[in-house]
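Down below is the structure, laid out as structure tokens.
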Amino acid sequence: MVNRSGPESGFARVRGLVLLAILFAGAGLLLKHDFVSSSHSASPATAQIQASLARLPMSFEPNRGQTD
């Protein structure tokens, strides 16, 4: 194991902090993009599918001993 306490160790620490900052910034941008894209209104195809599903009849089957 080599202990390097010269100027390179300070550079490695700064490089690590910069990479960590880039990682957090990238994650924040991705989360922001995901949040913004999910808050838009539904596309016409999605709205049509939801309307079709809403028109389906609802049914109910009573529990007659299917489970214990």
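Computed from the coordinates by the stated procedures, all read-outs in this text should not be read as laboratory data. Bear in mind the structure is a predicted one, so any value in this text is a computation, not a measurement. Note that each Cβ is placed from the backbone with ideal geometry, even for glycine, and that neighbours are counted across all protein chains shown.
Some observations on this one:
- Projected label distance in nm at ALA45 and LEU17, using a 7 Å step from Cα toward the beta-carbon: 4.8 nm
- Take the Cα of ARG55, step 7 Å toward its Cβ, do the same at SER9, and the gap between the two points is 7.3 nm.
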